[in-house]
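Q: Below are the C-alpha cells for one structure; questions will follow.
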Amino acid sequence: MASRDLYEILGVARRATQEDIKQAYRRLARENHPDVRRDDPHATERFKEINEAYQILSDPAKRSQYDRYGRVVGDAEPFGGGINPFDDLFDFFFGTRTATRADREAPERGADLRHGLEITLEEVASGTEKRLKVTRLETCPACFGTGAERGSGRERCPTCDGTGQMRHVQRTVLGTMTQIGPCPECRGEGTYIPRPCRQCRGAGQVEAEREVTVSVPAGIEDGMHLRLAGEGEAGVRGGGRGDLFVVIHVAPHPVFTRRRRDLFCETEISTTQAALGDEIPFKALDGEVTLTVPPGTQPGTTLTVRGRGLPDLRGARGHLHVTVKVAIPRNLTAEQRALLEEFARLRGEGRGGRRKPIIKKVKDLLQ
Ligand SMILES: [Zn+2]
Ligand SMILES: [Zn+2]
C-alpha cells in the first residue's frame with residue numbers, strides 16, 4: 001500500500017484537534033462507505049485507508065509516533081493499525097452465525113449454573129440446610145456493568161457509523177458480490193467503549209465467589225435437582241440472572257439401602273431368638289426401634305417396622321424392612337452340646353446313623 005500522508009487522507013491539517021479529526025473521519029467514512037458507493041470499485045480500498053488513518057490519528061500515542069517517525073513503530077505496515085478490519089469481516093462472512101444488531105443490543109439473561117451437592121441418608125430423613133460456594137459472573141461493581149470507566153460511556157462506532165453492519169463488496173468473475181456482516185470494530189453493536197473499565201476490562205462482569213444457602217427438603221432422592229432461581233450468572237444489558245441447579249447426590253449408607261421412601265437392611269439373630277421369638281432393640285436411621293421377632297422366624301424373613309422409613313417429598317413416611325439372618329452357634333461347650341443333643345432327641349431328630357467315632361467325641365468335649 002502506498003504510504004500516503006495520513007492527514008492528507010483525512011483532509012485535515014497537521015495541527016488538527018482530535019475533534020477535527022473525528023468530524024473529518026465521520027464525514028469521509030459516510031461518503032466513502034462501500035454501502036453508499038456500491039458502483040465504485042475503489043470505494044472499499046479508500047474506506048479501508050480512511051479507517052486506518054483514523055485508527056492512528058485518533059490515538060494520541062500513535063499520532064505522536066506518526067508525527068515524529070512518519071510511521072507507527074513496531075508495525076510492519078505503514079498504517080500499523082494492527083488488525084485489518086476486512087480480515088476480521090472475512091471470518092464473520094464464513095462464520096456459522098451472523099449476529100444482527102438487534103441481537104447484540106438485546107438484554108441477555110445470565111447463564112444457568114449446575115453444582116453438585118452430596119448429602120447423607122440421615123440428611124434425607126431430616127432435611128437439611130447447606131452452604132455452597134459458587135463461582136459465578138457478577139455485574140462489575142466498578143462500572144455497574146456498563147464496561148466503561150467511570151465518567152465515560154459508549155460512543156457511536158465510527159467504523160460503521162453506528163449501524164453495526166458493514167458491507168463487503170467483492171468483484172468476482174461472476175460480477176460484483178455484496179456481503180453484509182457485523183462491523184468488526186464494534187462487533188455489530190454500533191457503539192464502542194473508548195475507555196474500558198479497568199476492573200472488568202470492558203466486559204461489564206467479573207468472576208466472584210459467592211456463598212449460597214440451599215434448603216434441602218426431607219425425602220429428596222439421588223439425582224434430583226433443586227432450582228435456585230436467580231442464583232446463576234448475572235445477565236448483561238439489563239438481562240435477568242440465570243438460575244442455579246443444585247444436583248443432589250445421596251452418599252451410600254453403610255447399613256441402609258433405599259428404595260423411594262422405604263429403607264432396607266439386614267440383621268443377625270441367634271437360633272434361639274429365631275426359634276423362641278424376641279423383642280430386640282434395633283438402631284433405625286432416625287433412632288431406636290423395637291424389632292419384634294416372632295417365634296419360629298426363618299432365615300431370610302423380612303420384618304417390617306411401619307412408618308420408620310424415609311419421608312417422601314410430600315411428607316408421607318415409608319417403612320423399615322429388616323431381613324433376618326440366623327447365626328448358627330459355633331464352638332459349643334460340652335453342656336450346650338449335651339442340651340442340643342437332648343433337644344434333637346426330643347424332636348425325634350436323632351443323630352442315629354451318623355454317630356461320631358468315640359475319639360472325636362472326646363475331642364469335642366475338651367473344647
Ligand atoms: Zn467494570
Ligand atoms: Zn461499528
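The values are calculated or read from the model by the stated rules, or taken from the named source; none is laboratory data. No experiment lies behind these values; they were computed from the predicted model shown. Methodologically, a virtual Cβ is constructed for each residue, glycine included, from the backbone with ideal geometry; neighbour enumeration extends over all protein chains shown. Each accessible area value is taken on the protein alone, full model and side chains, heavy atoms only, with ligands, DNA and RNA left out. Shrake-Rupley method; radii C 1.70, N 1.55, O 1.52, S 1.80 Å.
Q: Could you count how many residues in segment 153-168 are open to solvent by less than 60 Å² (accessible area, probe 1.4 Å) and away from ligand 1 (no atom under 16 Å from the Cβ)? Before you say what the answer is, go through the steps one by one.
A: Going residue by residue through segment 153-168, those that are open to solvent by less than 60 Å² (accessible area, probe 1.4 Å) are 153, 157-162, 164, 166-168.
Next, only the ones that are away from ligand 1 (no atom under 16 Å from the Cβ) stay: 157-162, 164, 166-168.
Looking only at that region, the number is 10.
Q: Identify, please: which residue in segment 332-356 is loosely packed, with under 10 Cβ neighbours inside 10 Å and farther than 29 Å from T302 by Cβ and is, among those, modelled with the highest pLDDT? So that I can check it myself, show each step before the final result.
A: The initial filter retains those residues of segment 332-356 that are loosely packed, with under 10 Cβ neighbours inside 10 Å, namely 335, 346-348, 352-354.
Next cut, farther than 29 Å from T302 by Cβ only: 335, 346, 348, 352-354.
Values: E335: 94, L346: 90, G348: 86, G352: 49, G353: 44, R354: 51.
The residue in question is E335.
Q: Right, next: Taking the conditions exactly as written (surrounded by 13 or more Cβ atoms within 10 Å (Cβ to Cβ), out of contact with any Leu (no Cβ under 6 Å at 6 or more places or on another chain) and assigned to a strand (DSSP E or B)), does V326 satisfy them or not? Can you show your working first?
A: Numbers: surrounded by 13 or more Cβ atoms within 10 Å (Cβ to Cβ): yes; out of contact with any Leu (no Cβ under 6 Å at 6 or more places or on another chain): yes; assigned to a strand (DSSP E or B): yes.
Against the criterion (surrounded by 13 or more Cβ atoms within 10 Å (Cβ to Cβ), out of contact with any Leu (no Cβ under 6 Å at 6 or more places or on another chain) and assigned to a strand (DSSP E or B)), V326 qualifies.
Q: Got at least one residue in segment 187-199 being in contact with a Phe, Trp or Tyr (Cβ under 7 Å, 6 or more places away or on another chain) and away from ligand 1 (no atom under 16 Å from the Cβ)?
A: First, pick out the residues of segment 187-199 that are in contact with a Phe, Trp or Tyr (Cβ under 7 Å, 6 or more places away or on another chain): none.
So far as segment 187-199 goes, no, none of its residues is in contact with a Phe, Trp or Tyr (Cβ under 7 Å, 6 or more places away or on another chain) and away from ligand 1 (no atom under 16 Å from the Cβ).
Q: Here's another thing I want to ask about it. Condition (residue is acidic (D, E), closer than 27 Å to R26 by Cβ and modelled with pLDDT under 95) applied to segment 189-212: is it met by at least one residue?
A: Step one: of segment 189-212, the residues acidic (D, E) are 189, 207, 209, 211.
From the residues that got through so far, the ones that are closer than 27 Å to R26 by Cβ too are 189.
Still in the running and modelled with pLDDT under 95: 189.
Scanning segment 189-212 turns up at least one residue that is acidic (D, E), closer than 27 Å to R26 by Cβ and modelled with pLDDT under 95.
Q: OK, next. Every residue in segment 269-319 that is hydrophobic (A, V, I, L, M, F, W, C) and touching an Asp or Glu at 6+ places or on another chain (Cβ under 9 Å), please. So that I can check it myself, show each step before the final result.
A: Pass one, segment 269-319, residues hydrophobic (A, V, I, L, M, F, W, C): 269, 274-276, 280, 282, 284-285, 289, 291, 293, 303, 305, 310, 313, 316.
Across segment 269-319, the qualifying residues are I269, F282, L285, L291, V293, L310, L313.
Q: Within segment 181-231, which residues are without any contact (Cβ under 8 Å) to a residue 40 or more places away in the chain, part of a strand (DSSP E or B) and within 16 Å of ligand 2 (Cβ to nearest atom)?
A: Answer for segment 181-231, where residues must be without any contact (Cβ under 8 Å) to a residue 40 or more places away in the chain, part of a strand (DSSP E or B) and within 16 Å of ligand 2 (Cβ to nearest atom): T191, Y192.
Q: Name every residue in segment 178-231 that is among the charged types (D, E, K, R), on the phi > 0 side of the Ramachandran plot and in contact with a helix residue (DSSP H, G or I) (Cβ under 9 Å, 6 or more places away or on another chain), in order of residue number.
A: Residues of segment 178-231 that are among the charged types (D, E, K, R), as a first pass: 185, 187, 189, 195, 198, 201, 207, 209-211, 221-222, 227, 231.
Next, from what is left, pick out any that are on the phi > 0 side of the Ramachandran plot: 187, 201.
Of everything in segment 178-231, just one residue is among the charged types (D, E, K, R), on the phi > 0 side of the Ramachandran plot and in contact with a helix residue (DSSP H, G or I) (Cβ under 9 Å, 6 or more places away or on another chain), namely R187.
Q: Does E122 qualify as being away from ligand 1 (no atom under 16 Å from the Cβ), assigned to a loop (DSSP other than H, G, I, E, B) and open to solvent by 20 Å² or more (accessible area, probe 1.4 Å)?
A: Details: away from ligand 1 (no atom under 16 Å from the Cβ): yes; assigned to a loop (DSSP other than H, G, I, E, B): no; open to solvent by 20 Å² or more (accessible area, probe 1.4 Å): yes.
For E122, the condition - away from ligand 1 (no atom under 16 Å from the Cβ), assigned to a loop (DSSP other than H, G, I, E, B) and open to solvent by 20 Å² or more (accessible area, probe 1.4 Å) - is not met.
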